[in-house]
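In what follows, a single structure is set out as structure tokens and then discussed.
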Amino acid sequence: MSNVSKVGVSLKIDVTKIQKQRLIRGEKGTYLDATVFVDVDELDNYGNSGMITQDVSKEEKDAGNKGAILGNCKVFWKKEGSSQPQAAAQKPQASFDDDFSDDIPF
């Protein structure tokens, strides 16, 4: 296990792969729940440290469905140090709007 305690990660997302029905309209904007998988110790053939996937519901995961791969990420900075396990942050409940208007600029 690595002793990296902080990382800087750049993301490259193909916005055409975002499923618009999964966008969440909030009070201060429109959001997308996504997950980044990062390997700080190994790069892929293109120099990427990981990938970004669009989140799916628990029921969809249980049925074997996976979120679309939206892009890649690269670790561009790391600070070595002693890492302490942190409690996982609770994820806010998503509310999907089936009648989502097409006001997103992509």
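The values are calculated or read from the model by the stated rules, or taken from the named source; none is laboratory data. Since we're looking at a predicted model, the values are computed, not measured. Neighbour counts run over all protein chains shown; Cβ positions are idealised from the backbone, glycine included.
Only residues that are under 17 Å from residue 43 (Cα atoms) and either surrounded by 13 or more Cβ atoms within 10 Å (Cβ to Cβ) or touching a Gly at 6+ places or on another chain (Cβ under 9 Å) (or both) were counted in region 4-26, giving 5.
If you filter region 36-60 down to residues that are in contact with a Gly (Cβ under 7 Å, 6 or more places away or on another chain) and of a type in the set (Val, Ile, Thr), you find that the one that is nearest to residue 81 (Cα to Cα) is 38. Give the residues of region 21-48 that are free of Cβ contacts under 8 Å to residues at least 60 places away in the same chain and outside any loop (DSSP other than H, G, I, E, B), sorted by residue number. Across region 21-48, the qualifying residues are 31, 34, 35, 36, 37, 38. Can you say whether residue 53 is modelled with pLDDT of 95 or more, outside any loop (DSSP other than H, G, I, E, B) and within 20 Å of residue 76 (Cα to Cα), as far as the supplied structure shows? Yes; evaluated as a whole, the condition is true for this residue.
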